[in-house]
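Report on the following structure.
Throughout, read-outs are computed from the coordinates displayed, never taken from laboratory work. Predicted model, so just to flag it, every value in this text is computed and none were measured. Because the Cβ atoms are built from the backbone with ideal geometry, glycine has one as well, and the counts that use them run over all protein chains shown.
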Amino acid sequence: MKKDIHNFTLDYFIKHQKQLVKKYKGKELLMDSSGVVAAFDTLKEAITAGDKNIGYGKYSVMKCLPGKEAYTATIGPLISIR
């Protein structure tokens, strides 16, 4: 089974995170099946370039930050008290 682009780019980011952070810390990384295509200052710039140059659904964008927080989300229950 072929890995989807988002799983591929997440695995790539985790594997190369240390080197990527040294080079691109704080940037939005435009990534495709070859790895990092470009780095941008804003999410909007990265998405615009991805749609134009790679094609919708064929790329991922990740904020380049150190640590597990860069690729991990904690989701808790939503509680409503009346």
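Annotations for the structure displayed:
- For region 37-62, a residue qualifies if it is within 20 Å of N7 (Cα to Cα) and either surrounded by fewer than 16 Cβ atoms within 10 Å (Cβ to Cβ) or free of Cβ contacts under 8 Å to residues at least 24 places away in the same chain (or both), and the qualifying residues are V37, A38, L43, A46, I47, G50, D51, G55, Y56, G57, K58.
- Index of the failed condition, V21 passing every other in (1) out of contact with any Pro (no Cβ under 6 Å at 6 or more places or on another chain); (2) surrounded by 13 or more Cβ atoms within 10 Å (Cβ to Cβ); (3) not hydroxyl-bearing (S, T, Y): (1)
- Filtered residue count, region 61-82, keeping only those that are out of contact with any Gly (no Cβ under 8 Å at 6 or more places or on another chain) and under 20 Å from K18 (Cβ atoms): 8
- Candidates in region 63-80 are the residues that are closer than 22 Å to K3 by Cβ and of a type in the set (S, T, Y); of these, the one that is surrounded by the fewest Cβ atoms within 10 Å (Cβ to Cβ) is T72.
- Lone qualifier among V61, V21 - being within 12 Å of the chain's Cα centre (by Cα) and of a type outside the set (K, R): V61
- Matching residues, region 1-28, being among the charged types (D, E, K, R) and touching a helix residue (DSSP H, G or I) at 6+ places or on another chain (Cβ under 7 Å): E28
- All conditions in (1) surrounded by fewer than 17 Cβ atoms within 10 Å (Cβ to Cβ); (2) more than 24 Å from K3 (Cβ to Cβ) hold for S34, with the sole exception of (2).
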